[in-house]
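Scroll down for the structure; my scribbles are underneath it.
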Amino acid sequence: MHLHLRAAAEPDIRDDHAWLTAFMGVTWGHHEVECAAGIAHSIEKDHHQLHEMYAGSQDADAWLPVFGGRRPADPPAGGLPHPPLVLMDPAEAGRAAAFLAAVTFDDLWSRAGGRIVRSSGPGRSADPERIRGIFQGHHQDLRAFYARAAAAGHAVVKAGWF
């Protein structure tokens, strides 16, 4: 399970589920190169817990970094679309960047860390400091990704690969 984030100029993105599915599929094929270029990021399996960590903040924009945005137009008929897609316009990406720049990891972890460690399962819960390091890395990576996207005035597309 991955949450794949991709920044792009808003005019280059179509508000169409089929087009976005193809776009995100192609970009996933070049994921390592795009991550190194700073235009893509992914979170493997921890995205729900990371969202909960941010949602514990009192800031109204706390939901933006992980699951924020809107569904694209024209999802497939019948059932949930695959992959689940979310679009963030440049203003939302900027608000996510501002939220991440303003909040400290230590504050977030003090509110949510214990719950995250307990829910991490027996294999990972044996080492709370390792889990803390993983989530601190997620936070730093998202902070950098959104800062670059906001500085460029880019929109962000998110896809859930399950």
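The values are calculated or read from the model by the stated rules, or taken from the named source; none is laboratory data. Just so we're clear, the structure is a prediction, and the values are computed from it rather than from any experiment. Positions of Cβ are backbone-derived with ideal geometry, glycine not excepted, and every protein chain shown enters the neighbour counts.
Quickly run through segment 68-98 and pick out the residues that are assigned to a helix (DSSP H, G or I) and either of a type in the set (Asp, Glu) or touching a residue at least 60 places away in the same chain (Cβ under 8 Å) (or both).
Pro90, Glu92, Ala93, Ala96 - these are the residues of segment 68-98 that are assigned to a helix (DSSP H, G or I) and either of a type in the set (Asp, Glu) or touching a residue at least 60 places away in the same chain (Cβ under 8 Å) (or both).
Is it true that some residue in segment 129-144 is in contact with a Gly (Cβ under 7 Å, 6 or more places away or on another chain), part of a helix (DSSP H, G or I) and either more than 16 Å from Ala101 (Cα to Cα) or not hydrophobic (A, V, I, L, M, F, W, C) (or both)?
Yes: segment 129-144 contains one or more residues that are in contact with a Gly (Cβ under 7 Å, 6 or more places away or on another chain), part of a helix (DSSP H, G or I) and either more than 16 Å from Ala101 (Cα to Cα) or not hydrophobic (A, V, I, L, M, F, W, C) (or both).
For Asp46, all conditions in the list (1) under 13 Å from the mean Cα position of the chain (by Cα); (2) modelled with pLDDT under 95; (3) closer than 14 Å to Val157 by Cα hold save one; what is the number of the exception?
Answer for Asp46: the failing condition is (3).
Here are some conditions: (1) free of Cβ contacts under 8 Å to residues at least 60 places away in the same chain; (2) under 14 Å from the mean Cα position of the chain (by Cα). Glu129 meets all but one. Which one does it not meet?
Of everything listed in (1) free of Cβ contacts under 8 Å to residues at least 60 places away in the same chain; (2) under 14 Å from the mean Cα position of the chain (by Cα), Glu129 misses just condition (2).
Just wondering, is there one or more residues in segment 103-110 that are assigned to a helix (DSSP H, G or I) and of a type in the set (Ser, Thr, Tyr)?
yes
Looking only at segment 99-113, which residues are closer than 15 Å to Asp141 by Cα and without any contact (Cβ under 8 Å) to a residue 40 or more places away in the chain?
Of everything in segment 99-113, those that are closer than 15 Å to Asp141 by Cα and without any contact (Cβ under 8 Å) to a residue 40 or more places away in the chain turn out to be Thr104, Phe105.
If you scan segment 1-58, which residues turn out to be basic (Lys, Arg), touching a residue at least 24 places away in the same chain (Cβ under 8 Å) and at negative phi?
Hit for segment 1-58 is Arg6, nothing else.
Residues checked against (1) under 14 Å from the mean Cα position of the chain (by Cα); (2) at pLDDT 95 or above:
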site: Glu10; (1), (2): no, yes
site: Asp15; (1), (2): no, no
site: Glu32; (1), (2): no, no
site: His41; (1), (2): yes, yes
site: Glu52; (1), (2): yes, no
site: Asp59; (1), (2): no, no
site: Ala62; (1), (2): yes, no
site: Gly79; (1), (2): no, no
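Residues being surrounded by 15 or more Cβ atoms within 10 Å (Cβ to Cβ), over 21 Å from Arg71 (Cβ atoms) and hydrophobic (A, V, I, L, M, F, W, C): count how many of those fall in segment 1-59.
Qualifying residue count, segment 1-59: 3.
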